[in-house]
Amino acid sequence: MLASPVPMHIPDGFLSVLVALFFWAATAIVVAYALKRVNTDLGERQVPLMGVLAACIFAGQMLNFNVAAGTSGHLVGAALATIMLGPWASILIMTCVIAVQGLIFQDGGLLAMGANIFNMGIVATAVAYATYRLVARLSGGRAGGMLAAAFLSAWASIVVTSLAVGLQLALSGTSPANLAIPAMGGVHLLIGIGEGLITVGAVSFLRATRRDMLEQGTAPVRGGRGILVAGLALALALAVVSPLASADPDGLEWFAEQQHFTNRQVQSPIKLIPDYRLPGIGSEAAATIASGVVGMLIVFGAAGATAYIRRNRKNLPAH
């Protein structure tokens, strides 16, 4: 069945104004620090990859997959970005993706955007980074251990992020903590497996074909233009198949339906490309594909521009 991707992130109305503003402030501080760190740490290898990876994550997030009991999940991508480019670049990539989703596609609320970036950009990245480093060190760098590190970091990033969402719902008075936190964590134990398998697949492919793209350091990666073309082709392919995404509710939507607080959702005052359907196209599938292409190009440009601006500022002569 063809289906447009369903909304994935916290909409406005689920969080109280006080909680939403608190996480906007916390997110602004961390993202500002990430910009500073990327300005210092950004190497030539990260510049072409940031835009491409952001485009692939955006397109990948449009593909909800069936999980169980009428629920679905989707790639978040913070673990993969962290493994490939490190935590600070990952935070900026996820910020670009989530901001474009909220501003252009009305996927996630504007007031709740700070919390969405905090959850999927900051919490997911921090958990993925810590888990990956720990398991990789314990494995001694063996191939199987590195893949286990990739799986566990992705799985843990999803589960802990869902617990953060549950806590925010409880702090907002939307759902009691004894319901929200275990319910969100429980359903995302399964969704995290999907994230882990996708991350392992991507890491395995890169280890077999371009291991240098998984190595930390500042040396430029080989074939920068080829990476750009291949990465954008992959993102385009994901956008083309996005109408096949599962129409089942994702973990948060499922919980909202179970607890009967979906009516708290406040519609965004902005309607640019709502529901990932480009206006003016009659075919639902074509409208979804077109919106995916538009979105991946915007995210590619935003993340790529961020990387180039930070690199150029880094290279300015000191006064």
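Taking all protein chains as present, what is the carbon and sulfur share of the accessible area of the chain, in % to the nearest whole number, probe 1.4 Å? Accessible surface attributable to carbon and sulfur in the chain totals 69 percent.
Peptides 121-128, 16-23, 208-215, 52-59 ranked from most to least packed, by the mean per-residue count of other Cβ atoms within 10 Å: 52-59, 121-128, 16-23, 208-215. The amide H of residue 65, built 1.01 Å from its N in the peptide plane, has 73, 74, 246 as neighbours under 5 Å, considering only residues 5 or more places off or on other chains. In the elastic network of the chain, a GNM with C-alpha springs shorter than 10 Å, the most mobile of 288, 95, 174 is 174. Were the residues from residue 312 through residue 272 laid out at 0.36 nm apart, the gain over their Cα-Cα distance would be 11.2 nm. Taking every alpha-carbon pair under 8 Å whose residues sit at least 6 apart, the chain reaches a relative contact order of 35 percent. Distances between placed amide hydrogens fall under 5 Å for residue 250 paired with 72, all partners being 5 or more residues away or on another chain.
The values are calculated or read from the model by the stated rules, or taken from the named source; none is laboratory data. The structure displayed is predicted, hence computed values, not measured ones. Cβ sites come from the backbone with ideal geometry, for glycine too, and all protein chains shown count toward neighbours. These accessible areas exclude ligands, DNA and RNA; they are computed on the full protein's heavy atoms, side chains included. Shrake-Rupley method; radii C 1.70, N 1.55, O 1.52, S 1.80 Å.
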